[in-house]
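I have placed the structure first, in the form of structure tokens, so that the comments after it can refer back to it.
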């Protein structure tokens, strides 16, 4: 049973499960893992650096939300903490050997307790023992993995670009999951509960330097109401009251306008149960003042 074949099977299994679970994988699924030659291969353990006993080198590394190792993002890369302070701990040695052999790993990021985003191939590109950290970069899934367990056609510039893109995707998916969870997976305006039709809308747009990726800067909105809010057809006051633009209230244009927008006027939005997750009133005021100018 070779590391190479198990690693290929892990990548294939994750690709399939990521499609089924819309990229957000439950921890229980990862703990159960996949079957290879009649043997179950788990993908995670209580430790962040994980090597199945059937393998010689680590298969996965995991960043846990509020975990003990305080992994960081510095520049365009991920800085991953050693396990403990012993540079010669077997897990740290395992990652060092993976770096020396340019072996692709799987990176799991915990976006909230029990839910993970998977990214592969991940590579250890630097070992910094004085800081007890490794530097991680990601590469293109479409590149072939050659028999030596290495990704062919390595490019520092490509890896830097892909890593930056992956980090942005992780942030977006984390924001979406946390906002939808706070709003019990329903539109705060119309109560639609189909997750596939819901977005996590920013109050202060993500493109604004003042924007924050926090739940209190988000609203769970169906796709119609998200577009209407972003384009100022809908306003939400700092006291959580919905307002529909005056010209729409005077317009006659069928049941969608009547029932989907006009009938929401002067109603209150559905708020998260947790006070800290509720829309920031200062953010709502900024957006509402923009709405009043339309």
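The values are calculated or read from the model by the stated rules, or taken from the named source; none is laboratory data. As the structure is a computational prediction, the values presented were derived from the model and not from experiment. Because the Cβ atoms are built from the backbone with ideal geometry, glycine has one as well, and the counts that use them run over all protein chains shown.
Here are some notes:
- When residues of the stretch 210-222 are limited to those that are at pLDDT 95 or above and touching a strand residue (DSSP E or B) at 6+ places or on another chain (Cβ under 7 Å), the one nearest to residue 180 (Cα to Cα): 220
Listed here are the residues, each with its yes/no results for (1) surrounded by fewer than 15 Cβ atoms within 10 Å (Cβ to Cβ); (2) touching a strand residue (DSSP E or B) at 6+ places or on another chain (Cβ under 9 Å); (3) modelled with pLDDT of 95 or more.
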{"residue": "108", "(1), (2), (3)": "no, yes, yes"}
{"residue": "133", "(1), (2), (3)": "no, yes, yes"}
{"residue": "144", "(1), (2), (3)": "yes, yes, no"}
{"residue": "151", "(1), (2), (3)": "no, yes, no"}
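- Any hit, the stretch 196-209, residues being modelled with pLDDT of 95 or more, surrounded by 15 or more Cβ atoms within 10 Å (Cβ to Cβ) and in a helix (DSSP H, G or I): no
- Scanning the stretch 273-286 for residues that are assigned to a helix (DSSP H, G or I) and surrounded by 11 or more Cβ atoms within 10 Å (Cβ to Cβ) turns up 277, 281, 282, 283, 284, 285, 286.
- If the condition is being more than 19 Å from residue 281 (Cα to Cα), out of contact with any strand residue (DSSP E or B) (no Cβ under 6 Å at 6 or more places or on another chain) and surrounded by 15 or more Cβ atoms within 10 Å (Cβ to Cβ), then the stretch 223-258 contributes 224, 225, 233, 245, 248, 257.
- Sole exception among (1) more than 17 Å from the chain's Cα centre (by Cα); (2) at pLDDT below 95 for residue 94, by number: (2)
Residue-wise test of (1) part of a loop (DSSP other than H, G, I, E, B); (2) on the phi > 0 side of the Ramachandran plot; (3) in the same structural domain as residue 221 (by TED's automatic domain parsing); (4) more than 28 Å from the chain's Cα centre (by Cα).
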{"position": "238", "(1), (2), (3), (4)": "yes, no, yes, yes"}
{"position": "256", "(1), (2), (3), (4)": "no, no, yes, yes"}
{"position": "271", "(1), (2), (3), (4)": "yes, no, yes, no"}
{"position": "288", "(1), (2), (3), (4)": "no, no, yes, yes"}
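- The sole residue among 161, 181 that is part of a helix (DSSP H, G or I), at pLDDT 95 or above and surrounded by fewer than 20 Cβ atoms within 10 Å (Cβ to Cβ) is 181.
- Looking only at residues in the stretch 29-53 that are touching a residue at least 12 places away in the same chain (Cβ under 8 Å) and part of a helix (DSSP H, G or I), the one that is surrounded by the fewest Cβ atoms within 10 Å (Cβ to Cβ) is 31.
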